[in-house]
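In what follows, a single structure is set out as structure tokens and then discussed.
The values are calculated or read from the model by the stated rules, or taken from the named source; none is laboratory data. On a predicted model such as this, the values are computed, not experimentally measured, just so you know. Cβ placement follows ideal geometry from the backbone for every residue including glycine, while neighbour counts extend to all protein chains displayed. These accessible areas exclude ligands, DNA and RNA; they are computed on the full protein's heavy atoms, side chains included. Shrake-Rupley method; radii C 1.70, N 1.55, O 1.52, S 1.80 Å.
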Amino acid sequence: LVGSLGKKPDTYYFYDQPWWQIAWNNGLGNIFIGDLSRDDRTRVPVVRIAVDIIDTSTNAHVGVLSSFYLLRTLIEDIRRARPETVDQISLLDDAGNIIFSTSDNDETVRLPEIHAQITAETGTESGWVIGKDHTGKSALIGYSSLSTAYNVISDPLHRLGWHIIVTGSRSKALTGVTQSTK
């Protein structure tokens, strides 16, 4: 262990941990993105990320860097970026469970149904459908799996199976078209 931030680990031996084994990959290196959990104190979603460390002078894999990434910044960015024409933006895990939503309503019933609808009907990574929103009203539903700019770590993100879902009423979504037509 080179360094540690926060609570002292119970042990400094990590070779038997799945995150270490995947990131180390027998000295070949890899990226590990763990399961979602919630910080005990803040309830903010958190995920472990581990990557191999490469000595650039020898191109040898020399270790693993592991960190817990709190999704607080992502949540704040989603809240800030939400346009007026959008009713709700949600981040869902691979089973359709809500990781985060801009709505304060109880969407625990509707969002897994929306997730199932888009994955079953379309089979694509991104697009839109006409369906029902988290309140049961007719809505346009846009969705996309996670990716990064330049596809830097797209494969590990894709394996997570997370989706961003954006819902809005048809009238709000077509406001610009209606104004242009008038």
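Report the gain in length on full extension from Val44 to Asn97: 0.36 nm times residue separation, minus Cα-Cα distance, nm rounded to one decimal.
Working: separation 53, 0.36 × 53 = 19.08 nm, distance 1.48 nm.
Stretched out fully, the Val44 to Asn97 stretch lengthens by 17.6 nm.
When the accessible area of the range 6-84 is split by element with a 1.4 Å probe, what percent falls to carbon and sulfur? Could the numbers behind the result be given before it?
Values: 2920 of 5740 Å².
Carbon plus sulfur share of accessible area: 51 percent.
Run the numbers for Thr181 and Trp19: contour at 0.36 nm per residue of separation, minus the present Cα-Cα distance, in nm. Write down the numbers at each step before the final one.
Values: separation 162, 0.36 × 162 = 58.32 nm, distance 5.47 nm.
The span from Thr181 to Trp19 would gain 52.9 nm if fully extended.
Would you mind counting up the charge near Val64? Only other residues with Cβ under 15 Å from its Cβ, with Lys and Arg at +1 and Asp and Glu at -1.
Numbers: positive: Arg48; negative: Asp16, Asp52, Asp55.
It works out to a net charge of -2.
Protein chains only, probe 1.4 Å: how do Leu92, Leu174, Leu160 rank by accessible area, largest first?
Result of the area sort, largest leading: Leu174, Leu160, Leu92.
Pop out the ³J(HN,Hα) list for the range 15-30 in order, Karplus 6.51 cos²θ - 1.76 cosθ + 1.60 with θ = phi - 60°, rounded to Hz; leave Gly and Pro as x.
Once rounded to whole Hz, the list reads 4, 8, 7, x, 4, 5, 4, 5, 5, 6, 6, 6, x, 9, x, 5.
Along Cα→Cβ, 7 Å out, is where each label goes; now give me the distance between the ones at Leu174 and Leu28 in nm to one decimal.
With each label point 7 Å from Cα toward Cβ, the separation is 5.3 nm.
For Ser103, what residues show an amide H to amide H distance below 5 Å, using hydrogens built from the backbone and excluding near sequence neighbours?
Here the answer is Ile89, since their amide H atoms fall under 5 Å of that of Ser103.
In nm, give the distance between the simple-model label positions of Asp77 and Glu125, each being 7 Å from the Cα along the Cα-to-Cβ direction.
Result: 1.7 nm between the two label points.
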